[in-house]
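Q: The structure under discussion is supplied below as structure tokens; questions concerning it will follow.
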Amino acid sequence: MNQNQDSFLQKAYADKEQTYYDGSRPDMLSFIPASTRCLLDVGCGGGAFGAAVKSAIGCEVWGIEPELDASNRAAARLDRVITGLFSEDAGLPSKHFDCIVFNDVLEHMLDPAKALVYAKSLLQDGGTIVASIPNIGHFPTIWRLAILGEWEYGERGILDKTHLRFFTRQSIRTLFESSGYRLDRLEGINDYCQLIPADRRLWRYYKFFSLLPGSGIRDMRYLQFGVRATVK
């Protein structure tokens with residue numbers, strides 16, 4: 001990434017509203033193994049999810065977050081927070097964590113496979129990766145592209161302007177398996193049918209398309225995929 005691109009991304013992250021970094025993600029709690037004792041939340045934002053994990057499981061939670069204000073908020077909630085990028089320069093201890101979380105983070109990385117390979121060096125034997133990853137095949141996104149010819153980036157969502165990578169169920173499987181992981185759980189989360197009941201016109205179109213065969217069609221209802229994986 002060149003200097004101009006790096007400066008653009010730094011400003012884009014700095015300009016985001018505080019709420020962007022404060023999602024508690026209760027939908028992802030069930031993916032965390034109940035046996036977790038030390039968890040690393042990559043891109044922890046303001047620490048809301050890590051705090052929820054601490055409350056639900058009672059484990060030690062570390063966070064790493066490059067955005068300074070969010071990192072400072074997380075430091076008040078978690079056991080330890082590092083301000084910076086997820087890389088070997090962060091000084092994270094090897095073989096220390098039994099769960100590493102990437103909630104809506106991998107799509108922001110230039111090389112998500114490299115991040116997953118590095119994560120293996122930080123996991124204890126039998127450790128787990130948990131991730132939430134946006135679904136580029138989400139019905140409203142595909143509708144706007146295929147029918148309306150629109151592909152407009154915004155401040156958040158699937159077409160967040162800071163996203164560098166886009167994923168489907170199959171490309172998520174390929175990413176994890178090629179990085180040395182076994183997928184224990186890969187499922188759609190945040191059902192379009194529940195999230196946007198007021199969008200009646202688009203809802204009717206979706207109901208028609210959902211009658212067509214194919215796993216890709218069925219996956220169009222999900223905003224994201226939830227992942228739990230272990231090292232092969």
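Q: Quick one: in the stretch 104-150, of everything that is closer than 18 Å to Arg182 by Cβ and β-branched (Val, Ile, Thr), which residue is nearest to the chain's Cα centre (by Cα)?
A: Out of the qualifying residues, it is Ile133.
Q: Where residues in the stretch 25-38 are buried (at least 18 other Cβ atoms within 10 Å of the Cβ) and part of a loop (DSSP other than H, G, I, E, B), which of them is modelled with the lowest pLDDT?
A: Here the answer is Arg25.
Q: Further question on the same structure: Being at pLDDT 90 or above and of a type outside the set (A, V, I, L, M) is the filter here; which residues of the stretch 177-216 pass it?
A: Result: Glu177, Ser178, Ser179, Gly180, Tyr181, Arg182, Asp184, Arg185, Glu187, Gly188, Asn190.
Q: In the set Val81, Val61, Val101, which member is under 20 Å from Tyr181 (Cα atoms), in a strand (DSSP E or B), within 19 Å of the chain's Cα centre (by Cα) and not acidic (Asp, Glu)?
A: Values: Val81 fails: under 20 Å from Tyr181 (Cα atoms); Val61 fails: under 20 Å from Tyr181 (Cα atoms).
Sole residue among the options that is under 20 Å from Tyr181 (Cα atoms), in a strand (DSSP E or B), within 19 Å of the chain's Cα centre (by Cα) and not acidic (Asp, Glu): Val101.
Q: Same structure, new question: Among the residues in the stretch 75-90, are any touching a helix residue (DSSP H, G or I) at 6+ places or on another chain (Cβ under 6 Å), surrounded by 21 or more Cβ atoms within 10 Å (Cβ to Cβ) and among the charged types (D, E, K, R)?
A: no
Q: May I pose another question? Could you please give the count of residues in the stretch 58-99 that are of a type in the set (Gly, Ala, Ser), on the phi > 0 side of the Ramachandran plot and touching a residue at least 12 places away in the same chain (Cβ under 8 Å)?
A: Of all residues in the stretch 58-99, those of a type in the set (Gly, Ala, Ser) come to 58, 63, 70-71, 74-76, 84, 87, 90-91, 94.
From what's left, on the phi > 0 side of the Ramachandran plot: 58, 84, 91.
Filter again for touching a residue at least 12 places away in the same chain (Cβ under 8 Å), leaving 84.
Count: 1.
Q: For the stretch 104-160, what are the residues that are over 22 Å from Lys232 (Cβ atoms), assigned to a helix (DSSP H, G or I), without any contact (Cβ under 8 Å) to a residue 12 or more places away in the chain and not aliphatic (A, V, I, L, M)?
A: Of everything in the stretch 104-160, just one residue is over 22 Å from Lys232 (Cβ atoms), assigned to a helix (DSSP H, G or I), without any contact (Cβ under 8 Å) to a residue 12 or more places away in the chain and not aliphatic (A, V, I, L, M), namely Arg144.
Q: Only residues that are in contact with a Leu (Cβ under 6 Å, 6 or more places away or on another chain) and surrounded by fewer than 24 Cβ atoms within 10 Å (Cβ to Cβ): list them for the stretch 56-72, please.
A: The initial filter retains those residues of the stretch 56-72 that are in contact with a Leu (Cβ under 6 Å, 6 or more places away or on another chain), namely 56, 59, 61-63, 66.
Answer for the stretch 56-72, where residues must be in contact with a Leu (Cβ under 6 Å, 6 or more places away or on another chain) and surrounded by fewer than 24 Cβ atoms within 10 Å (Cβ to Cβ): Ala56, Cys59, Trp62, Pro66.
The values are calculated or read from the model by the stated rules, or taken from the named source; none is laboratory data. What you see is a predicted model; the values in this text were computed from it and never measured. Reconstructed Cβ throughout: ideal geometry from the backbone, glycine too, with neighbour counts over all protein chains shown.
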